[in-house]
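Input: a single structure, listed below in structure tokens.
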Amino acid sequence: MASKSSEFSNKEDTRVIKLFFQDEARFGRIDNISSCRVPPKGRAIVGNQLIREYTYAYSTVCPETGESFSLILPYANESCMDVFMELVSKEFGWIPDNHGNGWGCMA
């Protein structure tokens with residue numbers, strides 16, 4: 001990583017190098033009907049339908065400065081990760097490197 005960063009060094013750029021940590025998470029709900037009111041000795045007639053709805057939060061944070069960037073996207077896939085990385089790199093002017101994790105290496 002250090003050798004790669006020296007390739008992109010700009011002597012006129014005096015910005016401090018910051019370390020960001022990135023993660024993504026799934027939030028959602030599973031709807032399952034479990035109870036209802038019925039008259040005594042009656043039997044409820046209800047359909048059983050599972051509803052699965054999810055959304056995904058992508059976020060990155062610099063623990064030293066508290067700077068952060070987050071997006072809520074509909075999927076957790078390579079296309080959404082590319083969108084996230086592109087917008088983060090525009091916001092902070094960084095070169096993302098995921099160290100070969102599940103999304104692949106983006107350096």
Label point distance in nm, Arg29-Ala57, each placed 7 Å from Cα along Cα→Cβ: 1.7
Given a Förster distance of 35 angstrom, what is the FRET efficiency for Glu78 paired with Lys18, based on the Cβ-Cβ distance and rounded to 0.05? 0.90
At a 10 angstrom cut-off on C-beta neighbours, averaged per residue, how do the peptides 54-66, 15-27 rank from highest to lowest? 54-66, 15-27
Give me, ordered by chain and number, the residues 5 or more places off Glu67 or on other chains with an amide H under 5 Å from its own placed amide H. Cys62
Quick check: net charge around Ser70, other residues with Cβ under 13 Å of its Cβ, Lys/Arg +1 and Asp/Glu -1? -4
Cβ-Cβ FRET estimate between Leu87 and Glu64, R0 fixed at 25 Å, reported to 0.05: 0.70
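The numbers here are math on the coordinates, done by the rules we state, and not lab data. Just so you know, these numbers come straight off a predicted model, no measurement behind them. Glycine also receives a Cβ, built like all others from the backbone with ideal geometry; neighbour counts cover every protein chain displayed.
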